[in-house]
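I have placed the structure first, in the form of structure tokens, so that the comments after it can refer back to it.
Values quoted throughout were computed directly from the atomic coordinates according to the rules given, and no laboratory measurement underlies them. All values derive from a computational prediction rather than experimental measurement. Note that we place each Cβ from the backbone using ideal geometry, even for glycine, and neighbour counts take in every protein chain shown.
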Amino acid sequence: MIDPYIAVALQTTVRHVTHRDEVIVNLNHIGSMIDLVTHICSLELPVRLICLGEGAIQGFVDEIINMSPPEYAEKMATTLPGPETDFLAAKAKEKGCFIMGQLKVNLPEYPERFFNAIFILDPNGELIYTHYKNIVLFVEHSTTPHDVYDQWVAQHGDGLDAFFPVAKTEIGNIAGSVGVEGAFPECYRAFALNGAEIFYRASLPEPWVSRGIFELQNRARAVDNTAYMVAPNTGSLIMPNPDYPAPTVIGGALGGRSSIVDYKGHVLASNQIVDDCYVAAEINIEALRHYREQAKFQNWIPYLRSEIFRHMFDEPIWPKNLPNMKHEDAEVVFRESVEKLQKRGTYTPKSTT
């Protein structure tokens, strides 16, 4: 039996860094916040899961300055395990909890590329889960498994585990991704069909947070799949300013408003803060499992008629096996994909008169 416990969505300020040696400033900040939240939240129930926002460790330098993938792979990307996860592993062991987060990493099989990876560290400090982001926005320069599809399938197969793995742990089955991948219901349905009970989704920037998109998507992913959602965003962004004696602090750049949602779509905890903060809520896996077994409404996966959906994705849209790209290169692929959708009749072109 899994006793109820506390999960924490940790929302941290991100200090802009341009080299992997500089990430220690963000790690120290995260470590201090972990010390605080485990002290306070454990007054209620044990803290067993802490989730970090996307970019909390490395920031977003590749996107902000349009850094080329080979340059980012050389200067910023790390490995799993690596110094960053070693730091967090010590915290996981000290606090007796699981820590989930995101890092951009190199894989030796793919030179001059880097991947956006989601990881989980267990209370023994062991790396027990890695998911590589499958869908990225055109301004993101990380490679996805789809970009190297043929090689990826040859190495990992083409089943759900190859693209949507789930960690089966003592506190429940956990999986998830970051950023725009959370905008695709198919991704989180795939995690759910592979056994996930707790979703992770971080983060989304402004203005899509204050418009309600972040919360809307996270609640939908939870209720559609009868799963918890832990959704940490990141807080303020601190950028160096060579023309001013103090750095530039953009308080609302990364949106904030972290939340935790239950398997019925209810928001258990949320905030309206865009700075350093956290939200915490009780996770009851046994109650979720009971609900999945018994509920005949708002428990949708048993009703799936999978055969009728099979042909939705017969025709490819975004091409696989792509080279490294910067903003301007991905813009070309995006435009070609839109034109393809118009020719297929999926999109109707705007009027020219």
About its Cα centre, the chain carries a charge dipole, from +1 on Lys and Arg Cβ atoms and -1 on Asp and Glu Cβ atoms, whose size in debye to the nearest 20 is 960 debye
The chain, Gaussian network, Cα under 10 Å: of VAL153, VAL223, VAL209, the residue fluctuating most is VAL153
Within segment 114-171, DSSP-loop GluC sites (Glu not before Pro) with at most 11 other C-beta atoms within 10 Å are GLU170
Rounded to 0.05, the calculated FRET efficiency for the beta carbons of ASP150 and THR18 at R₀ = 35 Å is 0.55
In nm, the gap between the two label points placed 7 Å beyond Cα toward Cβ at ASN299 and VAL338 is 4.4 nm
Among the DSSP H helices of the chain, those whose Cα atoms extend at least 20 Å along the helix axis and whose mean Kyte-Doolittle hydropathy is 0.5 or higher are 24-41
Exposure proxy check on ARG48, ARG344, ARG292, ARG219: fewest-to-most Cβ neighbours within 10 Å is ARG344, ARG292, ARG219, ARG48
Note: ASN124 to LEU137 extended length (0.36 nm per residue) minus current alpha-carbon separation gives 1.2 nm
Whole-Å distance linking the alpha carbon centroid of segment 57-81 with that of segment 1-44 is 21 Å
Projected onto the charge dipole of the chain (unit charges on the beta-carbon of Lys, Arg, Asp and Glu, signs +1, +1, -1, -1), the Cα from VAL178, ALA220, VAL47 with the largest positive-side position is that of ALA220
Residue-normalised 222 nm signal for the chain, counting each DSSP H run of n ≥ 4 as -39,500 (n - 2.57), nearest 500 deg cm²/dmol, is -9000 deg cm²/dmol
Per GNM of the chain with C-alpha springs under 10 angstrom, the most fluctuating residue out of ASP147, ASP243, ASP262 is ASP243
Labelled set (i) 20.1, 62; (ii) 20.9, 64; (iii) 20.1, 66; Rg and Dmax of the Cα atoms in Å computed from this model equals the value at (iii)
Ignoring chymotrypsin sites (Phe, Trp or Tyr not before Pro) buried by more than 16 other Cβ within 10 Å or outside DSSP loops, the longest site-free run in the chain is 1-207
Taking Cα pairs closer than 8 Å and at least 6 residues apart, the relative contact order of segment 27-138 in percent is 25 percent
Residues HIS141, HIS16, HIS290, HIS311 in order from fewest to most other beta-carbon atoms within 10 Å are HIS311, HIS290, HIS16, HIS141
Loop-resident GluC sites (Glu not before Pro) in segment 259-320 with no more than 11 other Cβ atoms inside 10 Å, DSSP not H/G/I/E/B, are none
For segment 106-123, Karplus-derived ³J(HN,Hα) couplings (6.51, -1.76, 1.60; θ = phi - 60°; whole Hz; x for glycine and proline) come out as 8, 10, x, 6, 10, x, 6, 10, 9, 10, 8, 10, 9, 9, 10, 10, 8, x
Here the gain from full extension of SER306 to ASP158, 0.36 nm per residue of separation minus their alpha-carbon distance, amounts to 51.5 nm
Of the candidates VAL279, MET312, PHE191, the farthest towards the positive dipole end of the chain (Lys/Arg Cβ +1, Asp/Glu Cβ -1, centred on the Cα centre) is MET312
So, relative contact order of the chain in percent, Cα under 8 Å, 6 or more apart, is 19 percent
If one builds a Gaussian network model of the chain from Cα atoms under 10 Å apart, the most fluctuating residue listed among LYS296, LYS91, LYS326 is LYS296
Excluding residues fewer than 8 positions from LYS133 in its own chain, the lysines with Cα under 23 Å of it are LYS75, LYS104, LYS168, LYS320, LYS326
